[in-house]
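Novice: The structure under discussion is supplied below as structure tokens; questions concerning it will follow.
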Amino acid sequence: MQNTATENISGRVQKHEKPKKHRVRESRGDRVYYAIVYFVLLLLALIVVYPLYFVVIASFSSADAVLAGKVYLFPVDIDFTGYIRCFERTDIWIGYGNTIWYTLAYTILSVVFTVTAAWALSRKTLPFRKFFMIFFTITMFFGGGLIPFYKVVSDLGMLDNPLSIILPGTVSAWNLFMAKTFFQTGVSDSIIEAAELDGANRLRLFVSVILPLSMPIVAVLALYYAVGQWNSYFNAMIFLTDQNLYPLQLVLKEILTASESTTGGSGETILEQFRLANQLKYVTVIISSLPVFCIYPFVQKFFAQGVMVGSLKD
């Protein structure tokens, strides 16, 4: 009996023991390969990260040190004049508010239009489905050009109007097809049939069933549209002449081109204004990038899932 009990206990212990992992020995060629890969990745990371780091340390350095090329790894002659003057400039904060408003309105409209259109195109029962697919595909390869674009916006009475920044380009064909593919691969027909058997109409089906399942692709679309609109200045440069409607990026562009290189009412010389513009461009880049850095972590978990699922099938 004692031997039997001992055997049972030892058998149980052996069952719960984890199998030993056999470490695969790496050859010399493997180690060389991984060393090269890590070196290349580190080099690429430095190429990407250093310009961002330089902008940060240059914003805290004196303008003379930056212009003289003395700033490499650490701030030189720490100076907060750029930040102080940035907070004093009303055009920057007006542009900041305009950009927030344009980005929110544009992102909401774009996501709503893209998701609803993509859901409709993903249904094989949609009338003239092939025609709409061809129509949207053509827009990916051909455009009317700048002059017809300006003419359309002008005829619609949207010059010097926030609508000229929000409405054009509201739906991206690329994002539309990505969302369509997501619906085709990520939403099961059995779920739709079950909702229809429970008495859900098409609107209830879309709002209560499809949208909760589509949060990954919605987050990806919102990120794409928001970042694109936040960084955009070309439409504003063409359609807006009222400086009170300028987005932040257009104000930043003027600073980067040293548009204020003449003596102003403050009595500053041309050299002083040039030094100030050089400081402001680094400070404004940091300030304009903060919202994107703050929002991105909240949608990052959906990003890979939405893009990969949306790229499996056309």
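Values in this text are rule-based calculations from the coordinates and carry no lab data. Note that this is a predicted model, so its numbers are computed, not measured. Note that each Cβ is placed from the backbone with ideal geometry, even for glycine, and that neighbours are counted across all protein chains shown.
Novice: Taking all pairs of distinct Cα atoms, average 1/r, flip it, and tell me the Kirkwood hydrodynamic radius of the stretch 114-197 in Å to one decimal place.
Specialist: Over the stretch 114-197, the inverse of the mean reciprocal pair distance is 15.1 Å.
Novice: Now for a separate question. So which trypsin sites (Lys or Arg not before Pro) in the stretch 104-163 are both in a DSSP loop and have at most 12 other Cβ atoms within 10 Å of their Cβ?
Specialist: Lys124
Novice: While we're here: Take the cross-link list Lys151/Lys180; Lys151/Lys253; Lys130/Lys180 and give me the ones stretching past 21 Å between alpha-carbons.
Specialist: Check vs 21 Å cut-off fails for Lys151/Lys180; Lys151/Lys253.
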